[in-house]
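Here is the structure we will look at, set down as structure tokens.
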Amino acid sequence: MNEPTILSLEGWMELMDEMSKPPADTPERRATFERVRTMRAVRERLEREERACTEAR
């Protein structure tokens, strides 16, 4: 297991500053989220269909 990294105060502040900035809203980022939403919808539909088939038996 890796040992935890100890940051200096400056390093910690830099990390917190970087984490406080949201990523830029780009077409690529929106497309990624759209793919994730689509995949989730497909997965949920398949799970519903599987439950319906199981219950119909």
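The values are calculated or read from the model by the stated rules, or taken from the named source; none is laboratory data. This structure is a prediction, so every number in the text was calculated from the model and none was measured. Ideal geometry is used to build each Cβ from the backbone, glycine not excepted, and the neighbour counts take in all protein chains shown.
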Test: residue 46 is modelled with pLDDT under 90 and surrounded by 10 or more Cβ atoms within 10 Å (Cβ to Cβ): no
All positions within region 1-43 that are of a type in the set (Gly, Ala, Ser), part of a helix (DSSP H, G or I) and surrounded by fewer than 10 Cβ atoms within 10 Å (Cβ to Cβ): 20
